[in-house]
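Following: one structure in structure tokens, then a few remarks.
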Amino acid sequence: MNLEILWQDFLGILPIVPQTVALAVIIFLLSILIGTIMALIQEYNVPILKQMVILFKLFLRGTPLIVFIFIMYYSLPSVVNFFTGLLNMNYNAHNIPPAIILIVAVSLTVSSFQAETIRGSFLSVSYGQMEAARSLGYTPFQAFTRIITPQALVEALPEFGSAFLVVMKAISLGFMITVVDIFAQSRLIASSNSYYIEAFVVAALMYWGIAVLVVTLTNKFESRLLSKS
Amino acid sequence: MLNIENLKLSFGEKEVLKGVNLSVDKGDVVTFIGPSGTGKTTILKCINYLVEPHEGRMQMGSISVDFKKINKKETLKLRRNTAMVFQQFNLFKNKTVVENVMDAQIAVQKKSKKEAYNKSMELLDKVGLSDKEKDYPSKLSGGQQQRVSIARALAVEPDIILFDEPTSSLDPELVDEVLKVIESVAKTGVTILLVTHEMDFARKISNKVVFMEKGKVIEEGPPDQIFENSENERTKQFLKKFYSENKEVLEVR
């Protein structure tokens with residue numbers, strides 16, 4: 001292994017790290033948002049929507065991510081065009097940047113897993129907590145935000161940490177639709193200088209560094225929340 | 001001040017309440033006694049609509065509801081005029097002792113933080129727990145948790161406090177501290193509805209005792225009438241059985 005190349009590759013890949021992390025954060029937050037909505041639809045037994053969510057989740061959990069990314073890549077622009085056409089908007093969806101398509105595809109897929117995590121963590125809050133809030137005259141929304149969610153969050157936090165890492169790694173599939181992340185950048189560098197091992201070792205180290213950071217942060221946050229209950 | 005008419009509820013096939021009537025005056029301390037599973041707790045939870053009866057009317061102060069067509073606004077009104085102390089305490093796990101007492105004042109009554117805090121500390125002082133202000137409920141004994149939950153109930157200044165077997169899940173040596181607090185609450189003149197298996201306490205504290213069995217009120221009256229001069233066979237049987245069993249327990253000890 002060539003140390004000088006290693007260092008060069010490091011400098012070459014580093015600038016792409018913030019972008020990759022930012023992409024991961026966006027997808028992660030979206031997946032929690034969509035996951036929460038799906039969990040609520042299921043918990044509150046909303047007719048029709050509930051059946052749709054169940055089918056949708058089954059489809060997403062059973063489809064390889066790369067397949068779903070390609071489906072989105074080839075169909076999302078036409079779908080968007082159809083809707084903008086209905087609204088008489090003059091927008092050509094074939095110019096949608098591939099990063100947006102990646103965000104949509106990965107967020108939806110991860111949200112189907114998040115929905116389960118979120119549902120489980122809300123179910124783990126004992127019914128007595130809800131009863132107590134109701135008996136004091138809280139509105140359902142107040143009970144939800146002040147009492148139930150903070151407790152559910154403690155349960156969900158470790159799962160969220162690993163979900164973030166799953167997202168982080170899933171983004172590397174974006175290479176297939178020309179989104180450049182840590183992995184894609186290392187591939188580009190490797191093919192230009194032909195030092196393959198060095199490039200991928202650097203990429204792996206970077207993923208690993210981010211993982212260490214995320215795990216440390218969630219652990220810290222978790223123990224802080226635990227000390228509060 | 002509280003009038004319940006023909007309260008009916010079934011869980012599936014099982015009729016839990018078979019048309020209960022009850023009337024309570026302001027300042028009354030009403031105790032419900034009777035075998036387990038006869039609907040005593042259920043009545044309490046119907047009053048603040050934690051359990052939803054299928055039929056019946058209720059008048060509470062100026063609020064009047066028909067349970068067949070109760071709406072969300074009425075439900076909130078009922079809950080905001082009552083408070084409940086639960087068998088399992090149900091303190092908010094994510095909040096400290098003082099926050100537990102403060103939270104409803106801030107969220108529901110829209111008081112300022114400072115105002116809520118001062119009132120909460122005053123109440124915690126009353127139940128003897130002002131030094132636990134910053135602890136989380138999980139750090140407290142059952143008796144302490146129940147005293148906090150009584151302070152939490154008092155904090156919203158309810159017209160009626162519903163005590164649902166407040167000592168049933170406590171270790172025997174912790175029962176007394178909670179009963180003492182309940183007694184002091186009763187002396188403030190607030191209306192109390194209490195479900196308990198502590199017969200001696202019921203007799204001492206209440207001015208009205210309701211004996212229930214199988215979803216029906218069998219007999220009601222002042223404690224002396226129920227405990228000493230009951231004319232009703234079922235009441236007599238229940239009390240006799242209760243006291244003889246307790247005597248056995250005492251003898252074994």
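Averaging over all projection directions, find the projected area of the Cα convex hull of segment A:180-228 and quote it in nm² with one decimal place.
Averaging across all directions leaves 3.6 nm² for the Cα convex hull.
Could you work out how far the C-alpha centroid of segment B:117-151 sits from that of segment A:40-92, in angstrom?
First find each Cα centre; the distance between them is then 51 Å.
Largest first and in whole Å, give the semi-axes of segment B:6-50's equivalent ellipsoid, each being the square root of 5 times a Cα gyration tensor eigenvalue.
20, 12, 10
How far is helix A:3-13 tilted off the main Cα axis of chain A, in degrees rounded to 10, range 0 to 90?
Taking the Cα atoms of chain A, the angle to A:3-13 is about 50 degrees.
Output ³J(HN,Hα) for segment A:191-204: one whole-Hz value per residue in order, computed from phi by the Karplus curve 6.51 cos²θ - 1.76 cosθ + 1.60 with θ = phi - 60°, and x for Gly and Pro.
6, 7, 10, 6, 9, 6, 4, 4, 4, 6, 5, 4, 4, 4
Could you please state, rounded to a whole Å, how far the C-alpha centre of segment A:160-229 is from the C-alpha centre of segment B:26-103?
So the separation of the two Cα centres works out to 52 Å.
Using +1 at the C-beta of Lys and Arg and -1 at the C-beta of Asp and Glu, which of A:Leu157, B:Leu239, A:Thr20 has the Cα lying farthest in the positive direction of the dipole of the protein assembly as shown?
With unit charges placed on the Cβ atoms, the residue in question is A:Thr20.
Tell me, what ³J(HN,Hα) does each residue in segment B:61-66 have, in order and in whole Hz, if you take phi through Karplus 6.51 cos²θ - 1.76 cosθ + 1.60 with θ = phi - 60° and put x for Gly and Pro?
Listing the rounded values in order: x, 8, 8, 10, 10, 10 Hz.
Using a 10 Å cut-off on Cβ atoms, rank the peptides A:90-97, B:216-223, A:4-11 from the highest mean neighbour count down.
Going by the mean number of other Cβ atoms within 10 Å, highest first, we get B:216-223, A:4-11, A:90-97.
With only alpha-carbon atoms counted, please give the Rg and Dmax of chain B, in Å.
18.5, 55
Only Cα pairs under 8 Å and at least 6 apart count here; give the relative contact order of chain A as a rounded whole percent.
So the answer I get is 31 percent.
Report the full-extension gain for the segment B:Asn246 to B:Asn232: residue separation times 0.36 nm, less the Cα-Cα distance, to one decimal in nm.
Length gained between B:Asn246 and B:Asn232: 2.9 nm.
What whole-number volume per residue, in cubic angstrom, does the convex hull of the C-alpha atoms of segment A:77-229 give?
Cα-based convex hull of segment A:77-229, divided per residue, equals 147 Å³.
Hull surface divided by four, with the convex hull built on the Cα atoms of the protein assembly as shown: how many nm²?
Mean orientational projected area (the protein assembly as shown, Cα hull): 32.5 nm².
Relative contact order for chain B: what is it in percent, counting Cα pairs under 8 Å that are at least 6 residues apart?
RCO, chain B: 25 percent.
Kindly provide the helix-only [θ] at 222 nm of chain A, computed as the sum of -39,500 (n - 2.57) over DSSP H runs of four or more divided by all residues, to the nearest 500 deg cm²/dmol?
Dividing the helical sum by the residues of chain A leaves -26000 deg cm²/dmol.
Along the charge dipole of segment A:3-226, pointing to its positive end and built from +1/-1 on Cβ of Lys, Arg, Asp and Glu, which listed residue (A:Val79, A:Val53, A:Val106) has its Cα farthest out?
So the residue we want is A:Val53.
Under a Cβ-only charge scheme (Lys and Arg +1, Asp and Glu -1), can you give me the dipole magnitude of the protein assembly as shown about the Cα centre, in debye to the nearest 20?
Here the protein assembly as shown has a charge dipole of around 920 debye.
222 nm [θ] for chain B, helices only, -39500 (n - 2.57) per DSSP H run of 4+, per residue, to 500?
My calculation for chain B gives -12500 deg cm²/dmol from helical runs alone.
Work out the mean other chain Cβ neighbour count within 10 Å for the residues of B:49-58 and drop it here as an integer.
Taking the mean over all residues of the peptide, I get 1.
Taking 7 Å along the Cα-to-C-beta vector as the label spot, tell me the A:His94-B:Asn6 distance in nanometres, rounded to one decimal.
So the two model labels end up 7.2 nm from each other.
To the nearest 20 Debye, how big is the dipole of chain B about its Cα centre, given +1 on the beta carbon of each Lys and Arg and -1 on that of each Asp and Glu?
Using Cβ point charges on Lys, Arg, Asp and Glu, chain B gives about 1020 debye.
Could you size up the charge dipole of segment A:3-226 around its Cα centre, putting +1 on the beta carbon of Lys and Arg and -1 on that of Asp and Glu, and report it in debye to the nearest 20?
So the magnitude is around 500 debye.
Towards the positive end of the charge dipole of chain A, with charges on Cβ (+1 Lys, Arg; -1 Asp, Glu), say which of A:Ser191, A:Leu225, A:Val167 has the farthest Cα.
It is A:Leu225.
Along the Cα→Cβ direction, 7 angstrom out, place labels at B:Asp159 and B:Ser64. What is the inter-label distance in nm?
Between B:Asp159 and B:Ser64, the simple spin-label model gives 1.3 nm.
Calculate, for B:Asp125 and A:Asn2, the FRET efficiency according to 1/(1 + (r/R0)^6) with r their C-beta to C-beta distance and R0 56 Å; round to the nearest 0.05.
For R0 = 56 Å, the calculated efficiency reads 0.15.
Step through the residues of segment B:75-87 one at a time and calculate ³J(HN,Hα) from phi using the Karplus curve (6.51 cos²θ - 1.76 cosθ + 1.60, θ = phi - 60°), rounding each to whole Hz and writing x for Gly and Pro.
4, 4, 4, 4, 6, 7, 9, 10, 8, 10, 10, 9, 4
Below 8 Å between Cα atoms, with a sequence gap of 6+, how large is the relative contact order for segment B:130-224 in percent?
After rounding, I find 23 percent.
Looking at the protein assembly as shown, send over the antiparallel percent of its DSSP beta bridges, to the nearest 5.
55 percent
Quick note: the coordinates plus some simple rules give every number you see, no bench work behind them. Just so we're clear, the structure is a prediction, and the values are computed from it rather than from any experiment. Neighbour counts are summed over all protein chains in view; Cβ atoms, including those assigned to glycine, are modelled from backbone coordinates with ideal geometry.
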